[in-house]
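Undergrad: Handing you a structure now.
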Amino acid sequence: MTVLVTGGAGFIGANFIFYMLREHPDYRIVCIDKLTYAGNLSTLKPVESNGNFRFERLDICDRQGIYRLFQEEKPDIVVNFAAESHVDRSIDDPSVFLQTNIIGTSVLMDACREYGIKRFHQVGTDEVYGDLPLDRPDLFFTEQTPLRASSPYSSSKASADMIAMAYHRTYGLPVTISRCSNNYGPYQFPEKLIPLMIANALADKPLPVYGDGLNVRDWLYVEDHCRAIDLILHNGRPGEVYNVGGHNEMSNISIVRLILGELGKPESLITYVTDRKGHDRRYAIDPAKIHAELGWLPETKFADGIKKTVRWYLDNREWWETIISGEYRNYYEKMYGNR
Ligand code: NAD
Ligand code: TYD
């Protein structure tokens, strides 16, 4: 079995590759990644000498390159993680989000049609459903919830989902989609909430909380997401969407306080800054379908996962300090300098 993983030098893709090589040691994993600012080849060091692993630097929008790779590798399964993934960057400049997330996905699916595959899995996000109000804790996103994306990022992901479903219906491509809530864990790029707050707290820098800090996200430990995708690949039904989330809603401010507590840093570091434009209020997944059909349940409780994650960032300072000392400094200055 050959599995083509796109975007595997990023946060979730890399964790997925580690997971698959461990759980299916007989599978061949081919990873392609453009190595944008978010892709980091050093993350894949632990598997680079594994005989069942191959990496190639490739843009999913590069049709010729993608077709050549399909010709060479004849993948059985394609799992598409490759994407521009940060909402704030999409607000600053949507164009590359539309290019990679929409056009790139369609190029991959055209290659799948041309060469034939057993499964194309699109890694989607719960953000395609828009947001929920804070005062209706009874409401959750189900697979039937209409798409109502609010940011350039989430609307590009919603477009990709719709095109994937169109390829299923029109061409019979065996497509599945997972729509997962916010992930956290090792190797997350330090522009995202949890690693950014850990890095700033360790440097005794202000912790920039957007708006009133009461926005809610439904957090899932990355390995639980990887296991959900593995289950969908093997037992999920083509043409179906599976929501993935662990009923673990937390406000941003409570997460920031937890991190400060873990690190023994003072709450005086918390700084409220101008809100994100169009900031989604609350995300919350109803995972009943994936539980009922595939028996999936999250295994890592947030209290344990956040401890493990903080520990990982403490033990792997070189990984993220290298990132924040480079080009990322300009990004940080642009986004937070005058906020
Ligand atoms: P990430 O930004 O950490 O990684 C994205 C990877 O894709 C990077 O390695 C980057 O180099 C690569 N990439 C970008 N453009 C590319 C292109 N044109 N061709 C090839 N590679 C390219 O993102 P992540 O957090 O690991 O997210 C992975 C996927 O999961 C995305 O599709 C995202 O929408 C989805 N998702 C993320 C979350 C989350 O909480 N992080 C939740 C649900 C879904
Ligand atoms: P983020 O990690 O960017 O994920 P997403 O927006 O895709 O859910 O942000 C998570 C939440 O944290 C979101 O409500 C925005 C907020 N946030 C801050 O308050 N400060 C920050 O510096 C960042 C990066 C995010």
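The values are calculated or read from the model by the stated rules, or taken from the named source; none is laboratory data. This one's a predicted model, so the numbers in the text were calculated from it and none came from an experiment. Don't worry about glycine lacking a Cβ; one is built from the backbone with ideal geometry, like all the others, and counts go over all protein chains shown. Protein only, heavy atoms only, side chains kept; ligands, DNA and RNA dropped before computing areas. Shrake-Rupley method; radii C 1.70, N 1.55, O 1.52, S 1.80 Å.
Undergrad: Working from the alpha-carbon coordinates of the chain, get Rg over Rh, Rh being the Kirkwood radius.
TA: Value, to two decimals: 0.94.
Undergrad: Relative contact order of the chain, please, whole-number percent, based on alpha carbon pairs below 8 angstrom and at least 6 residues apart.
TA: The value is 17 percent.
Undergrad: Along the Cα-to-Cβ line of MET1, 7 Å from the Cα, sits a label point; which residues in the range 64-88 have backbone N less than 19 Å from it?
TA: 73-81
Undergrad: For the pair LYS118/VAL273, report the inter-label distance in nm, with labels modelled 7 Å from Cα in the Cβ direction.
TA: Placing both labels 7 Å along Cα→Cβ, they lie 4.6 nm apart.
Undergrad: Then there's this: Roll a 1.4 angstrom probe over the protein heavy atoms and tell me the percent of accessible area of the chain that is carbon or sulfur.
TA: The nonpolar share, carbon plus sulfur, comes to 50 percent.
Undergrad: Please work out the average accessible area per residue across the range 233-339, using the 1.4 Å probe convention, and give it in Å².
TA: It amounts to 53 Å² per residue over the range 233-339.
Undergrad: State the extension gain, in nm to one decimal, for the chain segment bounded by ASN330 and ARG237, taking 0.36 nm per residue of separation less the distance between their alpha-carbons. Can you show the working numbers first?
TA: Values: separation 93, 0.36 × 93 = 33.48 nm, distance 4.43 nm.
My answer for the length gained is 29.0 nm.
Undergrad: Can you give the accessible area of ARG22 in Å² (nearest 10), computed on protein heavy atoms with a 1.4 Å probe?
TA: We get 130 Å² for ARG22.
Undergrad: Taking a label point 7 Å from the Cα of LYS301 along the Cα→Cβ vector, which residues of the range 168-204 have an amide N closer than 19 Å to it?
TA: Only 184-185 fall inside the zone, counting backbone N under 19 Å.
Undergrad: Have a look at TYR332, PHE141, ALA111 and report the one farthest towards the positive end of the charge dipole of the chain, computed about the Cα centre with Cβ charges (Lys/Arg +1, Asp/Glu -1).
TA: ALA111
Undergrad: Relative to the Cα centre, what is the charge dipole magnitude of the range 231-339, using +1 at the beta carbon of each Lys and Arg, -1 at the beta carbon of each Asp and Glu, and rounding to the nearest 20 debye?
TA: With only Lys, Arg, Asp and Glu charged at Cβ, the dipole is about 260 debye.
Undergrad: Take the alpha carbon atoms of the range 115-140, find their center, do the same for the range 18-39, and report the distance between the two centers in whole angstrom.
TA: When both Cα centres are located, 23 Å separates them.
Undergrad: Then there is this: Treat each spin label as a single point 7 Å out from the Cα along the C-beta direction, and report the HIS24 to ALA292 distance in nm.
TA: 2.7
Undergrad: Could you check the spin-label model distance between GLU321 and LYS308? Points 7 Å from the Cα along Cα→Cβ, value in nm.
TA: 2.5
Undergrad: Turning to a different aspect of this structure: Can you run phi through the Karplus equation (6.51, -1.76, 1.60; θ = phi - 60°) for the range 127-144 and list ³J(HN,Hα) in whole Hz, with x for Gly and Pro?
TA: Couplings: 5, 5, 7, x, 10, 10, x, 5, 8, 10, x, 7, 8, 9, 7, 10, 5, 8 Hz.
Undergrad: Given the pairs LYS157/LYS289; LYS74/LYS192; LYS34/LYS205; LYS34/LYS307; LYS34/LYS301, which are separated by over 30 angstrom at their Cα positions?
TA: Flagged as over cut-off: LYS74/LYS192; LYS34/LYS205; LYS34/LYS307; LYS34/LYS301.
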